[in-house]
1. Placing unit charges on C-beta atoms (Lys and Arg positive, Asp and Glu negative, everything else neutral), compute the dipole magnitude of segment 79-121 about its Cα centre in debye, rounded to 20.
2. If R0 is 51 Å, what FRET efficiency do you get for residue 230 and residue 75 from their C-beta distance, rounded to 0.05?
3. Tell me, Kirkwood radius of segment 1-106 from alpha-carbon pair distances, in Å?
4. Mind jotting down the distance between the C-alpha centroids of segment 181-246 and segment 52-107, whole Å?
5. Assuming R0 = 25 Å, can you tell me the calculated FRET efficiency for the pair residue 247 and residue 184, based on Cβ-Cβ distance, to the nearest 0.05?
6. Size of the dipole of the chain about the Cα centre, Lys and Arg at +1 and Asp and Glu at -1 on the beta carbon, nothing else charged, in debye to 20?
7. Kirkwood hydrodynamic radius, segment 111-257, all distinct C-alpha pairs: what's the number in Å?
8. At 222 nm, what helix-only mean residue ellipticity would the chain give, in deg cm²/dmol to the nearest 500, using -39500 (n - 2.57) for each DSSP H run of four or more?
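Throughout, read-outs are computed from the coordinates displayed, never taken from laboratory work. Since the model is a prediction, treat every value here as computed from it, not as a measurement. All Cβ positions, even for glycine, are placed from backbone atoms using ideal geometry, and neighbour counts span all protein chains on display.
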Amino acid sequence: MAGRKPFIGGNWKMNLHAAEAEALAGDLAERFTAGDLVDVAVFPAFPYLDRVARKLQNSAIMVGAQDFYIEPNGAFTGEVSLSMLKDVGCEVVLVGHSERRHVIGESDVLCNEKVLAALEAGFQVILCVGEKIEQREAGKTDFINYAQTCYGLAGVSADHLSQITIAYEPVWAIGTGKTASSADAQAAHKAIRACLNGTYGDTGVSGAGESVRIQYGGSMKPGNAAELLAQPDIDGGLIGGAALKADDFLAIIEAAK
Ligand code: PGA
């Protein structure tokens, strides 16, 4: 991890109702004490952000949002603004998750607008990138990751890089139980880092590409986390299914220390 502090995110997606979300947050708040060794954030569904944030307020766990809209307010039915998220204690946002790109249809242009808006508003941003299986089989993995990374970060200055985390999430590994091998994941992470270094320079850990954390996501679980997290360019994980159980999520955090 070359001096980069590991970062583990729990993406709860459209799961857990109020009581379950509160119970999980309470359990994590009580049991997670290693905030100096690893950054941790959870991403509950919108209706429960407020109550989850209250449960976590005296813990080292950050609260994040799975989505938001770029405008500050106004006639945008169904949308949630960054200032509303700030109101309820959110510090981190996801942008470009594969389910938003490929199920909801979000474009690279919108992802870029979201990244810029969230940085401007002072949020930590996790920009998700990753190839589909047919793209991997056609040898396009690195091209897709470069494209989504460069497009997502277009207009982001080196000064803002400390607010950026990239999550490499091969689409075929998300929620499928299939995990990228540690070698394949490391190769993709290394290529993404090369892309960042090409844009921002690689002169040490002071604001250049080498300082950006790159999480792996896609069926990470207690049984495979240690091997993935031991790779030199894997700096944490974005966890879906295994983030819904405190024991599993805490075991992954333990592996990241
Ligand atoms: P998964 O989801 O761990 O359930 O594969 C990861 C993600 O979508 O962030």
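1. Once rounded to the nearest 20, the dipole reads 80 debye.
2. 0.55
3. 14.7 Å
4. Using only Cα atoms, the two centres lie 22 Å from each other.
5. So the FRET efficiency works out to roughly 0.35.
6. It works out to roughly 260 debye.
7. Value: 15.5 Å, from the Cα pair sum.
8. For the chain, the value works out to -11000 deg cm²/dmol.
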